[in-house]
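To start, the structure itself, in structure tokens.
FYI, it's all coordinate maths here, none of it is from the lab. Worth saying up front: this structure is predicted, and the values here are computed from it rather than measured. No Cβ is skipped: glycine too gets one built from the backbone with ideal geometry, and neighbour counts run over all protein chains shown.
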Amino acid sequence: MASGVRALLAGCAALCVLGGSAFALAPAPPEPERTVSLTLAPALLVHPVVQLGAELRVHRQAGVSLIGGYGAADEEVKAADGTRSTASRTVWTAGAQGRYYGLGHFDHGLQIGFEALYTGVTGGASRGPITVSRAGEGLSLGPFIGYKITTLLGLTFEGQLGIKRAGIAGPNSAMSQWVPLLNGNVGWSL
């Protein structure tokens, strides 16, 4: 009986070794080579501003992203004298990013990059029969570091953190200051 058990165990061990080596020799399925990532910045939807991005792969470890956004909102404003008025604003953005994947690649890796983003704001406030129009524009430039993850099905997540110099100009004033660069995007890679 003991020799039968030993023979059975030896046979199982041989099958495990042969089966394991067969799995080790099987090639892994190739990862898809994606060339475009289309993303949305969900945090901006609360304003509501829809900002979309399209990153194009220019190399396995480099990409260029084009950014565009648009939104409009009404906001109730309380004046110093206690009266309330409605302010309507329209916001639009246009910009680009250059990205290098220092660790990893276009589908999954550490991003080091630079962003240039132009923002325009137009709007007005009405108080009874009087309407006051306002407009402003700004350009922000700055470096960032981030990370991008793309699942096997193509679902894409990315986050970026950096600092940018923002120049803002209105009809009666202009200013420039350092502000945080914070982006969180969700989308699809093809």
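A few points about this structure:
- Filtered residues of segment 42-85 (kept if more than 15 Å from the chain's Cα centre (by Cα) and acidic (Asp, Glu)): Asp74, Glu75, Glu76, Asp81
- Among the residues of segment 46-89, those identified as part of a strand (DSSP E or B), among the hydrophobic types (A, V, I, L, M, F, W, C) and within 30 Å of Gly109 (Cα to Cα) are Val49, Val50, Leu52, Ala54, Leu56, Val58, Ala62, Val64, Leu66, Ile67.
- The single residue among Ala116, Ala135 that is surrounded by 13 or more Cβ atoms within 10 Å (Cβ to Cβ), touching a Ser or Thr at 6+ places or on another chain (Cβ under 6 Å) and small (Gly, Ala, Ser) turns out to be Ala135.
- Segment 30-81: number of residues that are among the basic types (Lys, Arg) and under 15 Å from Gln160 (Cα atoms): 0
- Among the residues making up segment 34-45, a single one is part of a helix (DSSP H, G or I) and either buried (at least 19 other Cβ atoms within 10 Å of the Cβ) or without any contact (Cβ under 8 Å) to a residue 24 or more places away in the chain (or both): Leu45.
- Of the criteria (1) of a type in the set (Gly, Ala, Ser); (2) loosely packed, with under 13 Cβ neighbours inside 10 Å; (3) within 27 Å of Val186 (Cα to Cα), which one Ala73 fails: (2)
- Looking only at residues in segment 141-185 that are of a type in the set (Ser, Thr, Tyr) and out of contact with any strand residue (DSSP E or B) (no Cβ under 7 Å at 6 or more places or on another chain), the one that is surrounded by the most Cβ atoms within 10 Å (Cβ to Cβ) is Thr151.
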